[in-house]
1. Between B:His207 and A:Ala43, what FRET efficiency follows from the Cβ-Cβ distance if R0 is 51 Å, with the result rounded to 0.05?
2. So what's the angle, to the nearest 10 degrees on a 0 to 90 scale, between helix A:180-191 and the longest Cα principal axis of chain A?
3. Please compute the average number of Cβ atoms from other chains found within 10 Å of each residue's Cβ in peptide A:334-347.
4. When we measure straight from the Cα of B:Lys188, which aspartates and glutamates land under 16 angstrom away, once same-chain ones fewer than 8 places off are left out?
5. Running a GNM on chain A with Cα contacts under 10 Å, which residue among A:Leu84, A:Leu154, A:Leu226 ends up with the highest mean-square fluctuation?
6. Could you work out the relative contact order of chain B? I mean the mean sequence separation of Cα pairs under 8 Å and 6+ apart, divided by the number of residues, in percent.
7. Separation of segment B:83-127 and segment A:1-74 by C-alpha centroid, Å?
8. Over all residues in A:316-329, what is the mean tally of Cβ atoms on other chains that come within 10 Å of each residue's Cβ?
Amino acid sequence: MSKNTAVHAPTVWGSEAMQNRISARYRKERRFRLLGLFAILLALSFLAILLFTLGAKSIGGFFQTKIELTIHFDRSLFPDLDGLNSDEASLALTRVDYAALIRQSLMDRFPDVRQRRDVRSLASLVSAGARQTLAGTVRQDPAVIGATQDIWFLASGDIDSFVKGKISRDVPESDRRVKDREVIWIDALDAAGKVKVGFNWGFFSSGDSREAELAGIWGAIVGSFLTLVVTLLFSFPIGLAAAVYLEEFAPQNKFTDLIEININNLAAVPSIVFGLLGLAVLLGFFNMPRSSPFVGGLTLGLMTLPTLIIAGRAAIKAVQPSIRDAAIGLGASPMQTVFHHVIPLAMPGILTGTIIGMARALGETAPLLMIGMVAFIVDVPESFSEAATVLPVQIFLWANSPERAFVDKTSAAIIVLLLFLILMNGLAVWLRNRFERQW
Amino acid sequence: MEKTPKMQATNVHVYYGDNHAINKVSLDVFAEDVTALIGPSGCGKSTFLRCLNRMNDSIASARVEGKITLDQQDIYDPKIDVVQLRARVGMVFQKPNPFPKSIYDNIAYGPRIHGLARNGEEMDEMVITSLQKAGLWEEVKDRLEAPGTALSGGQQQRLCIARAIAVNPEVILMDEPCSALDPIATAKIEELIEDLRGRFAIVIVTHNMQQAARVSQKTAFFHLGEVIEYGDTADIFTNPEKEKTKDYITGRYG
Ligand SMILES: Nc1ncnc2c1ncn2[C@@H]1O[C@H](COP(=O)(O)OP(=O)(O)OP(=O)(O)O)[C@@H](O)[C@H]1O
Ligand SMILES: [Mg+2]
């Protein structure tokens, strides 16, 4: 003891060397903090650029050009509805040549257009969906037959892009999808106050379409929802059971080690491999319906399972051992200990893992391409076995379309997808806080 | 008069892998006594205590040899039901570990899983008497729905004792129940142990010599996994047979 004190001189805390060490430490700390700040700023700026460009483009997708036409519901074009019951009447109404009504209206407005070809391109100012709009109007109120009414129609995709300035009139006509003639017509309509850009509610209520102005994401949203329901119902119980078993009941030996390694491996396997698995097993072997949310959900469920198991195990492992001891010490069986104490305490972690897994599944495209969810589907799916598409695949499909109008749709769909992801991740945070705040 | 022991350990060895933590320990626990286990840190008191209700089962590396009986019945017999054994031999841990549930549910949990109450009234009754026995009733009677984790450390420990006695065990094992408590809370727990004596056989591990002297009738001195001396508390503290025991209780150990 006395020897040591002799060797070590007492520390002079105020010495210059000590001061230098302290300021060096502060410098290091400052440098590290700056570096961290820089990293975060860099990441944020990329995010900002992404959101800004997407946001700017998506506005075009959320808004749609409309053209107002004065339609005369010429009685001679309609069948006689007297004496027909409602079924027969609506059947008869589907055979009406609504396109002629629209053509007539446009020809009345532009009397100098008479050539057959010109009339056709005049009629293509409005969307092909205009006929459905008219049919709907008549179905709702057959009394309009014989009357004249001003009705707003969706403009066709190219006209829409032109009105929004996405197609420039300075480009030579030969390179422009909207020809000079059409420009003159649309300018005339605009001057008469017959053109407006309005919020595109149809984007949120309709399925996909070949016509950009008619295409919506409701079908994809429903498809995504159905698919995720299957994914959740499949992977949550299995993942939880596997996590609980591995963490609480499985013996520790070479075999369980091997299982653990494999699960970790599976979590890192590229998602497309799960798509191939789904293709070979679910479609090839079990002959399940192609392109259906059921198969898509199972495939994504397989993909999510390892993530879920890992998150679940981590959450279960994090439960204080003292709680387990307390339950066992009272004579609770291992099952009771797990179900009464461990799982409730691990729930926030399990739920967070689940929602993050679901969010990943929501954004997944590649495996779904493998099982045929890439098909062009107009109808909004109504069951788990119907052909459907999902949001990211819809984005993929639109991104591959040549029309200018689909570019905006793509951005708009991405924004919607991001919103859903934010919603889900927010839900994860909320659930975690809620469950943790309880005690 | 020869008393029959409530629990009897005969030539017990415990190994953690290669670590021989308990070496040939034989010890009798009597129903009407409080038995204190004392000894330096790491000598195996907790390990031995945990053998008495087979809490060591959950430690993968632990291996127990020898014989431990409860009412002449071998508790390591494969035919014995461990769950029931742990209900008969309850445990209070060093660190208070209430469930993150209400005070009421903390107490009611044991009776509930063992089906001890036939209806809600009986359950209420059981919760109240347990809290009263544990000397906690006056402090919590207005807030039975409050979380057990919101109590103070001493209150939590008494809650854990109440939880243990709610199951109506025959033996209660306490592993340093006062080590995290202030002198007042400690005094309350000691009073409580005094109250409980006779109704339950109690085995308590403690580092506090005065506490051992105050609350126990029997004392076992552990050292390096062996029982150096075991006998009436009065004898151990006033007139120890072994030199080591004397050194330890007079604080000259080490
Ligand atoms: N879970 C375990 N795994 C491996 N070894 C253990 C385990 N628990 C205890 N041991 C070892 O067993 C021996 C006895 O430990 P034990 O906890 O019984 O001591 P103790 O007398 O209770 O000490 P303390 O008074 O500090 O609580 C020690 O050497 C310890 O390292
Ligand atoms: Mg101990």
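1. Details: r = 53 Å, r/R0 = 1.04.
Approximately 0.45, to the nearest 0.05.
2. The two axes meet at around 90 degrees.
3. Values: counts 4, 1, 4, 2, 0, 0, 5, 4, 0, 0, 3, 2, 0, 0.
Mean inter-chain Cβ contacts per residue within 10 Å come to 2.
4. The qualifying aspartates and glutamates are B:Glu138, B:Glu139, B:Glu176.
5. Maximum fluctuation in the GNM of chain A, among the listed residues, is at A:Leu84.
6. Values: 472 pairs, mean separation 68.7, N = 254.
Answer for chain B is 27 percent.
7. Segment B:83-127 and segment A:1-74 have Cα centres separated by 50 Å.
8. Details: counts 0, 0, 0, 0, 3, 2, 6, 4, 2, 7, 13, 6, 9, 18.
Partner-chain Cβ atoms within 10 Å, mean over residues of A:316-329: 5.
Just so you know, all these numbers are worked out from the coordinates, no wet-lab data involved. None of the values given here were measured: they were computed from a predicted structure. Cβ sites come from the backbone with ideal geometry, for glycine too, and all protein chains shown count toward neighbours.
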